[in-house]
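Have a look at the structure below before the remarks.
The values are calculated or read from the model by the stated rules, or taken from the named source; none is laboratory data. Please read these numbers as outputs of a predicted model, since none were measured by experiment. Every residue, glycine as well, gets a Cβ built from its backbone with ideal geometry; the counts of neighbours run over all protein chains shown. For the accessible areas, the whole protein counts, side chains as well, though only heavy atoms, and no ligand, DNA or RNA atoms are used. Shrake-Rupley method; radii C 1.70, N 1.55, O 1.52, S 1.80 Å.
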Amino acid sequence: MSGTTAKLLARHQFFQGARLAARRNPYRCLSCSAQNAQQQNTPPPPGQDAPKTTHFGFETIAEALKEQKVGAVFSSVASSYDTMNDLMSLGIHRLWKDYFVRNLNPGSNPLTSPSTTVQGWNILDIAGGTGDIAFRMLDHASTINNDAHTRVTVADINPDMLAEGRKRALETPYARSPRLSFVEANAEHLTNIPGNSIDLYTVAFGIRNFTNKDAALREAFRVLKPGGVFACLEFSKVNNSLFDAVYKRWSFGAIPLIGQLVAGDRDSYQYLVESIERFPSQTEFRDMIKDAGFLVPGRGWEDLTGGIAAIHKGVKPIKAQN
């Protein structure tokens with residue numbers, strides 16, 4: 001074999017190997033991941049309906065697969081959940097959660113009648129497996145409003161997150177109390193929650209992972225009592241362009257790498273930052289809440305830390321019927 005032929009053969013093998021590696025490990029950056037996902041969509045054969053699709057971060061996948069893939073992410077990060085939120089929020093998610101609960105003031109809801117408040121609130125905390133919000137709600141009701149009756153049901157689709165919450169509950173006064181319960185449930189189909197039974201529905205850093213957010217909002221509307229409140233704390237859109245550029249550089253450049261170093265799991269952290277980017281804007285999500293039937297107070301949301309996160313609220317009309 002001549003030297004020229006050998007060089008051509010080596011070059012061919014190099015590029016062939018590169019193409020195979022690219023297919024096995026698609027490049028995932030802020031713009032390239034979205035482009036790669038679009039290129040993966042191929043039309044169905046003639047005469048066949050296209051399967052319903054949704055997004056998993058920047059990937060487009062069959063809708064039926066999202067629940068399983070999201071479940072795998074949160075099973076992976078359940079034991080390091082606080083570390084994950086520290087990375088995602090630059091360490092201030094605890095302050096946001098404290099403010100979220102104080103703002104809702106559980107135990108003294110002015111929208112419910114005095115006879116109802118004597119019995120305490122019935123709170124449903126969705127995607128709250130680790131108990132972060134539930135423990136705060138019960139602490140606030142007990143210590144601020146002297147309410148020993150308010151109770152919280154923590155619902156989560158992921159059994160590993162629920163297991164983490166039950167473990168953490170052992171360090172609180174509520175571990176064996178009827179005021180706190182954990183149930184495995186899908187927010188889009190709350191078949192075990194009766195309609196018109198909940199005073200306050202909360203979801204913190206969870207709804208962006210739902211397959212069908214509109215269905216979850218409709219279920220929230222169904223289970224809430226007339227006058228009940230839907231409250232959501234979620235990562236959102238930064239409202240300052242310079243700050244937004246810095247935050248995105250941190251999110252996409254540093255968080256997956258730190259996830260690899262701290263938790264040995266780059267892919268889960270990559271998905272989480274991509275899921276934030278894909279979540280609707282503040283105005284879009286407000287309109288989704290209104291479309292589900294809720295009345296939206298004021299402009300419908302409150303930005304936290306320049307829009308890194310936002311609190312959204314909706315109220316079920318007093319005369320609403322399911």
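Out of (1) surrounded by fewer than 22 Cβ atoms within 10 Å (Cβ to Cβ); (2) at negative phi, the odd one out for G300 is which?
Single failed check for G300: (2).
For F235, all conditions in the list (1) under 17 Å from the mean Cα position of the chain (by Cα); (2) open to solvent by 10 Å² or more (accessible area, probe 1.4 Å); (3) of a type outside the set (G, A, S) hold save one; what is the number of the exception?
So F235 meets the others, but not (2).
Could you please find all residues in region 179-206 being out of contact with any strand residue (DSSP E or B) (no Cβ under 9 Å at 6 or more places or on another chain) and in a strand (DSSP E or B)?
Passing the criteria: only H189.
Inside region 260-279, can you point out the residues that are open to solvent by 20 Å² or more (accessible area, probe 1.4 Å) and either outside any helix (DSSP H, G or I) or of a type in the set (A, V, I, L, M, F, W, C) (or both)?
Of everything in region 260-279, those that are open to solvent by 20 Å² or more (accessible area, probe 1.4 Å) and either outside any helix (DSSP H, G or I) or of a type in the set (A, V, I, L, M, F, W, C) (or both) turn out to be L261, V262, A263, G264, D265.
Does R168 meet the test of being touching a Gly at 6+ places or on another chain (Cβ under 7 Å) and either open to solvent by 10 Å² or more (accessible area, probe 1.4 Å) or of a type in the set (G, A, S) (or both)?
yes
May I ask you to list pairs of residues, at least six apart or on different chains, whose Cβ atoms are under 8 Å apart, with the first in region 185-212 being basic (K, R) and the second being in a loop (DSSP other than H, G, I, E, B)?
Qualifying pairs under 8 Å: R208/F279.
May I ask you to list the residues in region 84-111 that are modelled with pLDDT under 90, closer than 30 Å to L257 by Cβ and open to solvent by less than 60 Å² (accessible area, probe 1.4 Å)?
If the condition is that a residue be modelled with pLDDT under 90, closer than 30 Å to L257 by Cβ and open to solvent by less than 60 Å² (accessible area, probe 1.4 Å), then M84, N85, D86, L87, M88, S89, G91 are the ones that fit.
I need the full set of residues from region 129-157 which are under 18 Å from R176 (Cβ atoms), open to solvent by 10 Å² or more (accessible area, probe 1.4 Å) and either part of a loop (DSSP other than H, G, I, E, B) or among the polar types (S, T, N, Q) (or both), in order please.
S142, A148, H149, T153 - these are the residues of region 129-157 that are under 18 Å from R176 (Cβ atoms), open to solvent by 10 Å² or more (accessible area, probe 1.4 Å) and either part of a loop (DSSP other than H, G, I, E, B) or among the polar types (S, T, N, Q) (or both).
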